[in-house]
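Structure first, then comments.
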């Protein structure tokens, strides 16, 4: 099946620095990728939709300047958390829809990146 | 908008007990329904899915039936094992803007199976 990878799997950074998280579709092309945030013991919250070659679409309440998304190729989307603060500490997960052709697409999820801001 | 409601956990069961995790949804059109599982420290894995009414998804002894009349997709397993301990998310995939399929998740139900 389709595989989505994320890098790094775990990152610790100091407050005020920026962190980049990569999401790659390994064996398929993804013109769209999704970024989620998961707080401890809570569900996944969709942050934004990453579109290859165009601007990302952010969900209501998500700061565009805080969470920069770049989808530079058909297999790579990056999420940069700028000027990170402790409240940005979370588990970030990306996903990509699989092949089309059916009424509904299956989403393939990356393993997640745990960000800890000290 | 679309929404998914699932029973709150945690659910604690003894090994070999019967499992039911309730899930209901609200959506326009005809969404696909999913159950994802998240083991401790790991990402989400698709457990099973159903794409139309009356479809039954099944995998690893788990099953769920897409009930349009009751807008439900309850997860069941006849005999749970300790290795089934995880968080289970019910989700639906519906139309988003731009034509892509947007996934809406329930809040997750933590299952703990004790020997």
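The values are calculated or read from the model by the stated rules, or taken from the named source; none is laboratory data. No experiment lies behind these values; they were computed from the predicted model shown. For neighbour counting, all protein chains shown are included, and Cβ atoms are generated from backbone atoms with ideal geometry for every residue, glycine included.
Of the residues making up the range A:29-41, those that are farther than 18 Å from residue A:78 by Cβ and assigned to a loop (DSSP other than H, G, I, E, B) are A:39, A:40, A:41.
Please verify whether the range A:22-37 includes one or more residues that are within 27 Å of residue B:87 (Cα to Cα) and exposed (fewer than 13 other Cβ atoms within 10 Å of the Cβ). Taking every residue of the range A:22-37 in turn, at least one turns out to be within 27 Å of residue B:87 (Cα to Cα) and exposed (fewer than 13 other Cβ atoms within 10 Å of the Cβ). Residue B:40 passes every criterion in (1) within 13 Å of another protein chain (Cβ to nearest Cβ); (2) under 15 Å from the mean Cα position of the chain (by Cα) apart from (2).
Exactly one residue among A:62, A:3, A:11 is touching a residue at least 60 places away in the same chain (Cβ under 8 Å) and in contact with a strand residue (DSSP E or B) (Cβ under 6 Å, 6 or more places away or on another chain), and that residue is A:11. Before we move on, is residue A:97 touching a residue at least 40 places away in the same chain (Cβ under 8 Å), away from chain B (no Cβ under 14 Å) and either loosely packed, with under 13 Cβ neighbours inside 10 Å or at negative phi (or both)? Criteria not met by residue A:97. Would you be able to say whether some residue in the range A:1-14 is modelled with pLDDT of 90 or more, under 15 Å from the mean Cα position of the chain (by Cα) and in a loop (DSSP other than H, G, I, E, B)? Yes, there is a match, as at least one residue in the range A:1-14 is modelled with pLDDT of 90 or more, under 15 Å from the mean Cα position of the chain (by Cα) and in a loop (DSSP other than H, G, I, E, B). Summed over the range B:20-37, residues that are at the interface with chain A (Cβ under 8 Å from one of its Cβ atoms) and more than 27 Å from residue A:110 (Cβ to Cβ) total 1. Against the definition (touching a residue at least 12 places away in the same chain (Cβ under 8 Å), away from every other protein chain (no Cβ under 14 Å), surrounded by 14 or more Cβ atoms within 10 Å (Cβ to Cβ) and over 15 Å from the mean Cα position of the chain (by Cα)), how does residue B:113 come out, yes or no? So residue B:113 passes the test. Pairs linking a residue in the range A:24-42 that is under 21 Å from residue A:62 (Cα atoms) and within 12 Å of chain B (Cβ to nearest Cβ) to a residue that is crowded, with 16+ Cβ neighbours inside 10 Å and at pLDDT below 85, with Cβ atoms under 7 Å and 6 or more positions apart or on different chains, are A:32/A:97; A:32/B:100.
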